[in-house]
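Reading through the structure tokens given below for one structure.
FYI, it's all coordinate maths here, none of it is from the lab. What you see is a predicted model, and the numbers here were worked out from it, not measured in a lab. Quick reminder, even Gly has a Cβ in these numbers, built from the backbone with ideal geometry, and neighbours come from all protein chains shown.
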Amino acid sequence: MKRCLLVVLLAAGALASGTRAFAHHSFAATYLEDQSMTIEGELAQFLFRNPHSFVHVNVKEKDGSIVRYAVEWGGAGQLGGQGVTRETLKVGDHVIITGSPGRNAADHRVRMVSLRRPSDGFGWGTKASEVVD
């Protein structure tokens, strides 16, 4: 009886630990990783959380309309280790973001590669010339 209970508990533990891996999505399924785009606008929202943080940016399009882009970033734990906190960005900040566009252009999604805030020179990202902090 004890052996059967142990087997059941081990099996349940193995299934529970594997659930998280299946729940995580592939960036390649959501974004065009071989392409790059740059957006510039005013920060509308900063969601500093796990597993991924998001910034929402209001971008003025060529026709004068304002479009809100959802930009996926690293998780709070990862960004915190790089000096980014929930106080780093504020609503209204003018930002320039480079990243991989979403597969569906109508969704206005971007996976962040770099971020710059020209007002104070703050920068984050993989391009060393853009990282200023």
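Restricting region 39-105 to GluC sites (Glu not before Pro) that sit in a DSSP loop and have at most 16 other Cβ atoms within 10 Å of their own Cβ leaves E61, E87.
For region 56-125, the square roots a ≥ b ≥ c of the C-alpha gyration tensor eigenvalues yield an a/c of 1.5 or more together with a/b not exceeding b/c, which makes the shape oblate.
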